[in-house]
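Comments concern the structure below.
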Amino acid sequence: MAGSEERARADAGSAAALTLDRKAAWELLCEWTQSENLRKHALAVEAAMRHYARKFGEDETLWAVTGLLHDMDYERYPTPEDHPFRGVEHLRELGYPEVMLDAILGHADYSGVPRETLLAKTLYAVDELSGLVIAVALVRPSKKLADVDVPAVKKKFKEKSFAKGCNREDIVRGAQELEVDLEEHMAAVIAALQSISDELGL
(Lines give C-alpha, C1' and ligand atoms only; values in the text may rest on other atoms or scores of the structure.)
Protein backbone atom coordinates (compact mmCIF):
# COMPACT_ATOMS: atom_id res chain seq x y z
CA MET A 1 0.00 0.00 0.00
CA ALA A 2 2.77 2.40 0.94
CA GLY A 3 4.45 1.96 -2.45
CA SER A 4 1.29 2.73 -4.36
CA GLU A 5 0.63 5.82 -2.25
CA GLU A 6 4.19 7.07 -2.87
CA ARG A 7 3.61 6.56 -6.58
CA ALA A 8 0.35 8.47 -6.31
CA ARG A 9 2.08 11.42 -4.70
CA ALA A 10 4.86 11.32 -7.28
CA ASP A 11 2.35 11.23 -10.12
CA ALA A 12 0.44 14.13 -8.61
CA GLY A 13 3.66 16.09 -8.30
CA SER A 14 4.71 15.37 -11.88
CA ALA A 15 1.46 16.92 -13.12
CA ALA A 16 2.42 20.35 -11.83
CA ALA A 17 2.03 21.69 -15.37
CA LEU A 18 -1.72 21.42 -14.90
CA THR A 19 -3.11 23.29 -11.92
CA LEU A 20 -6.18 21.40 -10.78
CA ASP A 21 -9.04 23.86 -10.75
CA ARG A 22 -12.53 22.95 -9.61
CA LYS A 23 -14.22 25.64 -11.73
CA ALA A 24 -12.48 24.44 -14.89
CA ALA A 25 -13.38 20.84 -14.05
CA TRP A 26 -17.05 21.78 -13.60
CA GLU A 27 -17.06 23.60 -16.95
CA LEU A 28 -15.52 20.54 -18.59
CA LEU A 29 -18.15 18.28 -17.04
CA CYS A 30 -20.95 20.56 -18.24
CA GLU A 31 -19.44 20.62 -21.74
CA TRP A 32 -19.56 16.82 -21.92
CA THR A 33 -22.69 16.21 -19.82
CA GLN A 34 -26.07 17.85 -20.42
CA SER A 35 -28.15 15.59 -18.16
CA GLU A 36 -29.03 17.25 -14.86
CA ASN A 37 -29.19 13.87 -13.14
CA LEU A 38 -25.71 12.91 -14.31
CA ARG A 39 -24.37 16.28 -13.20
CA LYS A 40 -25.97 15.78 -9.79
CA HIS A 41 -24.41 12.32 -9.55
CA ALA A 42 -21.03 13.92 -10.27
CA LEU A 43 -21.63 16.51 -7.53
CA ALA A 44 -22.62 13.77 -5.09
CA VAL A 45 -19.50 11.71 -5.77
CA GLU A 46 -17.39 14.88 -5.56
CA ALA A 47 -18.82 15.63 -2.11
CA ALA A 48 -18.17 12.09 -0.90
CA MET A 49 -14.60 12.27 -2.21
CA ARG A 50 -14.03 15.59 -0.42
CA HIS A 51 -15.32 14.04 2.80
CA TYR A 52 -12.88 11.15 2.60
CA ALA A 53 -9.97 13.36 1.49
CA ARG A 54 -10.41 15.33 4.71
CA LYS A 55 -10.72 12.15 6.75
CA PHE A 56 -7.55 10.64 5.26
CA GLY A 57 -5.58 13.89 5.13
CA GLU A 58 -5.27 13.76 1.33
CA ASP A 59 -5.32 16.41 -1.42
CA GLU A 60 -8.92 17.63 -1.31
CA THR A 61 -8.87 19.30 -4.73
CA LEU A 62 -7.41 16.24 -6.46
CA TRP A 63 -9.95 13.96 -4.83
CA ALA A 64 -12.88 16.29 -5.52
CA VAL A 65 -12.01 16.77 -9.19
CA THR A 66 -11.56 13.01 -9.58
CA GLY A 67 -15.08 12.50 -8.26
CA LEU A 68 -16.50 15.30 -10.37
CA LEU A 69 -15.07 14.00 -13.65
CA HIS A 70 -15.22 10.22 -13.16
CA ASP A 71 -18.29 9.85 -15.43
CA MET A 72 -17.73 12.85 -17.69
CA ASP A 73 -17.91 10.75 -20.88
CA TYR A 74 -20.85 8.55 -19.86
CA GLU A 75 -23.54 10.57 -21.62
CA ARG A 76 -21.66 10.63 -24.94
CA TYR A 77 -20.15 7.16 -24.65
CA PRO A 78 -22.23 4.94 -22.34
CA THR A 79 -20.90 1.56 -23.54
CA PRO A 80 -18.18 -0.48 -21.80
CA GLU A 81 -16.11 -0.21 -24.98
CA ASP A 82 -15.89 3.57 -24.57
CA HIS A 83 -16.61 4.55 -20.94
CA PRO A 84 -14.48 5.64 -19.11
CA PHE A 85 -11.74 5.28 -21.73
CA ARG A 86 -12.80 8.20 -23.95
CA GLY A 87 -12.99 10.59 -21.02
CA VAL A 88 -9.62 9.50 -19.68
CA GLU A 89 -8.09 9.94 -23.12
CA HIS A 90 -9.30 13.54 -23.23
CA LEU A 91 -8.23 14.24 -19.64
CA ARG A 92 -4.76 12.89 -20.41
CA GLU A 93 -4.49 15.22 -23.40
CA LEU A 94 -5.36 18.11 -21.08
CA GLY A 95 -2.58 17.10 -18.67
CA TYR A 96 -4.57 15.70 -15.74
CA PRO A 97 -2.44 13.58 -13.37
CA GLU A 98 -2.10 9.85 -14.05
CA VAL A 99 -3.06 8.98 -10.46
CA MET A 100 -6.46 10.55 -11.16
CA LEU A 101 -6.81 8.82 -14.52
CA ASP A 102 -5.94 5.44 -12.98
CA ALA A 103 -8.64 5.97 -10.36
CA ILE A 104 -11.24 6.84 -13.01
CA LEU A 105 -10.30 3.76 -15.04
CA GLY A 106 -10.37 1.62 -11.90
CA HIS A 107 -13.92 2.60 -10.99
CA ALA A 108 -15.05 0.39 -13.90
CA ASP A 109 -14.30 -3.23 -13.00
CA TYR A 110 -14.20 -4.22 -16.67
CA SER A 111 -11.35 -1.79 -17.45
CA GLY A 112 -8.80 -4.23 -16.09
CA VAL A 113 -7.05 -1.41 -14.22
CA PRO A 114 -6.42 -2.42 -10.59
CA ARG A 115 -7.37 -0.08 -7.77
CA GLU A 116 -4.02 0.32 -6.02
CA THR A 117 -4.20 3.81 -4.52
CA LEU A 118 -6.39 5.09 -1.74
CA LEU A 119 -7.81 7.57 -4.27
CA ALA A 120 -8.93 4.76 -6.61
CA LYS A 121 -10.37 2.64 -3.81
CA THR A 122 -12.34 5.58 -2.42
CA LEU A 123 -13.80 6.55 -5.79
CA TYR A 124 -15.00 2.99 -6.31
CA ALA A 125 -16.40 2.83 -2.79
CA VAL A 126 -18.46 6.03 -2.98
CA ASP A 127 -19.71 5.84 -6.58
CA GLU A 128 -22.57 3.33 -6.33
CA LEU A 129 -23.39 4.21 -2.73
CA SER A 130 -23.88 7.88 -3.61
CA GLY A 131 -26.48 6.84 -6.16
CA LEU A 132 -28.27 4.65 -3.64
CA VAL A 133 -28.37 7.40 -1.00
CA ILE A 134 -29.92 9.82 -3.51
CA ALA A 135 -32.47 7.17 -4.52
CA VAL A 136 -33.42 6.71 -0.88
CA ALA A 137 -33.88 10.48 -0.45
CA LEU A 138 -36.19 10.61 -3.48
CA VAL A 139 -38.63 8.11 -1.93
CA ARG A 140 -38.77 9.82 1.46
CA PRO A 141 -42.04 11.75 1.94
CA SER A 142 -40.06 14.99 2.15
CA LYS A 143 -37.68 14.08 -0.69
CA LYS A 144 -34.94 15.52 1.52
CA LEU A 145 -31.49 14.17 2.32
CA ALA A 146 -31.96 15.53 5.84
CA ASP A 147 -34.45 12.68 6.40
CA VAL A 148 -32.07 9.95 5.22
CA ASP A 149 -30.16 7.93 7.81
CA VAL A 150 -28.23 4.67 7.93
CA PRO A 151 -31.24 2.47 8.86
CA ALA A 152 -33.18 3.87 5.88
CA VAL A 153 -30.30 3.15 3.50
CA LYS A 154 -29.74 -0.32 4.96
CA LYS A 155 -33.43 -1.15 4.53
CA LYS A 156 -33.43 -0.11 0.87
CA PHE A 157 -30.06 -1.78 0.33
CA LYS A 158 -31.69 -5.12 1.20
CA GLU A 159 -34.62 -4.53 -1.17
CA LYS A 160 -33.24 -5.89 -4.42
CA SER A 161 -36.14 -4.42 -6.40
CA PHE A 162 -35.25 -0.90 -5.23
CA ALA A 163 -32.83 1.14 -7.36
CA LYS A 164 -31.88 -1.90 -9.41
CA GLY A 165 -29.18 0.11 -11.17
CA CYS A 166 -27.19 0.38 -7.93
CA ASN A 167 -24.91 -2.64 -7.73
CA ARG A 168 -24.99 -3.91 -4.14
CA GLU A 169 -21.94 -6.14 -4.66
CA ASP A 170 -19.90 -3.12 -5.75
CA ILE A 171 -20.98 -1.24 -2.63
CA VAL A 172 -19.93 -4.09 -0.35
CA ARG A 173 -16.67 -4.66 -2.25
CA GLY A 174 -15.91 -0.96 -2.14
CA ALA A 175 -16.21 -0.77 1.63
CA GLN A 176 -14.08 -3.91 1.99
CA GLU A 177 -11.33 -2.53 -0.26
CA LEU A 178 -11.39 0.72 1.69
CA GLU A 179 -11.29 -1.29 4.92
CA VAL A 180 -14.22 0.56 6.47
CA ASP A 181 -17.30 -0.83 8.14
CA LEU A 182 -20.25 -0.73 5.72
CA GLU A 183 -22.52 1.16 8.14
CA GLU A 184 -19.79 3.71 8.90
CA HIS A 185 -19.26 4.09 5.17
CA MET A 186 -22.98 4.68 4.63
CA ALA A 187 -22.97 7.30 7.40
CA ALA A 188 -19.99 9.08 5.83
CA VAL A 189 -21.57 9.25 2.38
CA ILE A 190 -24.93 10.37 3.79
CA ALA A 191 -23.22 13.19 5.72
CA ALA A 192 -21.24 14.23 2.65
CA LEU A 193 -24.36 14.43 0.47
CA GLN A 194 -26.33 16.23 3.16
CA SER A 195 -23.64 18.92 3.13
CA ILE A 196 -24.55 19.80 -0.49
CA SER A 197 -28.28 19.09 -0.30
CA ASP A 198 -29.15 22.50 -1.78
CA GLU A 199 -26.98 21.88 -4.84
CA LEU A 200 -28.61 18.48 -5.29
CA GLY A 201 -32.10 19.93 -4.85
CA LEU A 202 -32.70 17.47 -2.02
Restricting attention to segment 175-189, the residues that are over 14 Å from residue 50 (Cβ atoms), touching a residue at least 40 places away in the same chain (Cβ under 8 Å) and part of a helix (DSSP H, G or I) number exactly 5
Which listed residue, of 180, 136, 113, 153, is under 26 Å from residue 83 (Cβ atoms), out of contact with any Asp or Glu (no Cβ under 8 Å at 6 or more places or on another chain) and surrounded by 16 or more Cβ atoms within 10 Å (Cβ to Cβ) = 136
Within segment 85-103, restricting to residues that are over 23 Å from residue 177 (Cα atoms) and among the small types (Gly, Ala, Ser), the one that is nearest to the chain's Cα centre (by Cα) is 87
Only one of 100, 72, 49 that is hydrophobic (A, V, I, L, M, F, W, C), part of a loop (DSSP other than H, G, I, E, B) and surrounded by 15 or more Cβ atoms within 10 Å (Cβ to Cβ) = 72
Can you name every residue in segment 139-150 that is exposed (fewer than 13 other Cβ atoms within 10 Å of the Cβ) and either touching a Ser or Thr at 6+ places or on another chain (Cβ under 9 Å) or not in a loop (DSSP other than H, G, I, E, B) (or both)?
-> 146
Give me the pairs: first residue in segment 50-67 and on the phi > 0 side of the Ramachandran plot, second residue loosely packed, with under 15 Cβ neighbours inside 10 Å and in a loop (DSSP other than H, G, I, E, B), beta-carbon distance under 8 Å, and six or more apart or on different chains, which are they?
-> none
Pairing a residue in segment 137-160 that is modelled with pLDDT under 95 with any residue that is loosely packed, with under 11 Cβ neighbours inside 10 Å, where Cβ atoms lie under 8 Å and the two sit 6 or more apart in sequence or on different chains, gives none
Based on what the data block shows, is residue 25 closer than 20 Å to residue 109 by Cβ and assigned to a helix (DSSP H, G or I)?
-> no
Would segment 161-179 turn up any residue that is under 16 Å from the mean Cα position of the chain (by Cα) and of a type in the set (Lys, Arg)?
-> yes
Being modelled with pLDDT under 95, more than 20 Å from residue 201 (Cα to Cα) and of a type outside the set (Ser, Thr, Tyr) narrows 20, 119 down to just 20
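The values are calculated or read from the model by the stated rules, or taken from the named source; none is laboratory data. Quick caveat, the model's predicted, so the values are computed rather than measured. Quick reminder, even Gly has a Cβ in these numbers, built from the backbone with ideal geometry, and neighbours come from all protein chains shown.
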